[in-house]
Ligand SMILES: [Zn+2]
């Protein structure tokens, strides 16, 4: 069968993989079965039950059948002297007391592999946010701490416009990049959450365009003092806009629903110009967060590959994430479209995302296409995902996630790829 040539065949690794299977056993599997030449530790992980994304069990873990991660703890041993405000949390269970990043870097470098670090989604646990840093939380349109359903139930999330949070994230990325000889960092920070229904609809029914407009103000925006201040600096009155956005939201959940009226979505937008200004403000907030982070990171490690995990691939502008705006603040992007576990019929979704990313980023931008070696995937769907990635010009692929991958899936990767 055809083999596809990639610069990198990367794979994520978790601390529990290394603890339970042994780091050499994990790396042996990834290298021998999948021809992986790049590994990265998810060194700070949001709360999530594994294997993700469904309720199956670990296929090759000799110690446990499933694992619920501790919320946003660091799997390296942080130097707390480096943090002058918010401090990272460390594990309180069987993963405590070991520097998992040091261990992975050491073993992977010996094997000649590229090594990286991913920091994922929240950076700060929901309970710590409530107890220690309540002012860092996002505030919803009603003035209450925003509790998103994207990470379990009612999870508080930090605001990207909060200066203490910005500084903390910069210190996290700078610490791992300065203290460990890693080649890349992968940024998977959640921007502004999307409307609650989004996750259910991403691969199923699409929400109608007007529903995005009426649903967004509730559950997917921040109105905290830091946001109000930053908006004011940009010439945008966020509190005034909030009044208009609340009226807009009444069409959804209130009476009457927009679909029951004679008002066209376009007319609604003309009536509520603040909606587009607000969307623009969200995008500006997220872009400036990445810009500052990249500047801080390159100051300490000019050579590091600052990589973005593009995991919101539909309607990401509602989260404040626009690829065209943020691209110059990163060196490469991982297109996170897991379709392998959803049946081959959805591989075209992967193609669409990859092609639109390529169109936006230009032909030379380094794109890594995520391949879902996940519960529900099959060797065939994995091969299909790799083929589509190659056809769309992805220079590299990145597997997610080793803990839930059967050895057959890992073998399918190895049979389909070769590295440069
Ligand atoms: Zn805010």
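Note on the chain: GNM, Cα springs under 10 Å; of 343, 320, 385, the largest mean-square fluctuation is that of 343. Taking the DSSP beta bridges in the chain as the whole, what percent of them are antiparallel, to the nearest 5? If I count the DSSP bridges inside the chain, around 15 percent turn out antiparallel.
By the count of other C-beta atoms within 10 Å, a proxy for reagent exposure, 46, 60, 329 are ordered fewest to most as 60, 329, 46. Looking at the stretch 4-419, the pairs of alpha carbons with a distance over 36 Å make up 24% of the total. Placing pseudo-labels 7 Å out from each Cα toward the beta carbon at residue 380 and residue 299 gives an inter-label distance of 5.4 nm. The angle between the Cα long axis of helix 407-416 and the main principal axis of the chain comes to about 90°, on a 0 to 90 degree scale. When 348, 8 are sorted by how many other C-beta atoms sit within 10 angstrom of their C-beta, beginning with the fewest, the order is 348, 8.
Axis angle, to the nearest 10 degrees, between helix 347-361 and the longest C-alpha principal axis of the chain: 70 degrees.
Highest GNM mean-square fluctuation among 101, 44, 248, for the chain modelled with Cα contacts below 10 Å: 248. Helix 379-391 axis versus longest C-alpha principal axis of the chain: approximately 70°, rounded to the nearest ten. In this structure, residue 259 and residue 110 have a Cβ-Cβ separation that, at R0 = 51 Å, corresponds to a calculated FRET efficiency of about 0.25. One decimal place: the segment residue 292-residue 82 gains 73.8 nm when fully extended, by the rule 0.36 nm per residue minus the C-alpha distance.
Please work out whether the stretch 263-420 counts as rounded, prolate or oblate from its C-alpha gyration tensor, where a ≥ b ≥ c are the square roots of the eigenvalues and a/c under 1.5 means rounded, while otherwise a/b larger than b/c means prolate and anything else oblate? Here the stretch 263-420 falls in the oblate category. Label separation (residue 3 vs residue 164): 5.4 nm, computed from points 7 Å beyond Cα along the C-beta direction. Given R₀ = 41 Å, FRET efficiency for residue 94-residue 243 by Cβ-Cβ distance, to 0.05? The formula returns an efficiency of 0.20 here. If you run the Gaussian network model on the chain, springs between alpha carbon atoms under 10 Å, then out of 131, 249, 398 the most flexible one is 131. This ranking places 236, 58 by how few other beta-carbon atoms lie within 10 Å of each, fewest first, which gives 236, 58. Length gained on full extension, residue 317 to residue 57: 90.1 nm, using 0.36 nm per residue less the C-alpha separation.
Calculated mean residue ellipticity at 222 nm for the chain: -11500 deg cm²/dmol, from DSSP H runs with n ≥ 4 weighted as -39500 (n - 2.57), summed, divided by the residue count and rounded to 500.
Just so you know, all these numbers are worked out from the coordinates, no wet-lab data involved. Computed from a prediction, not measured in an experiment: that's the story for all the values here. We place every Cβ from the backbone using ideal geometry, glycine too, and count neighbours over all the protein chains shown.
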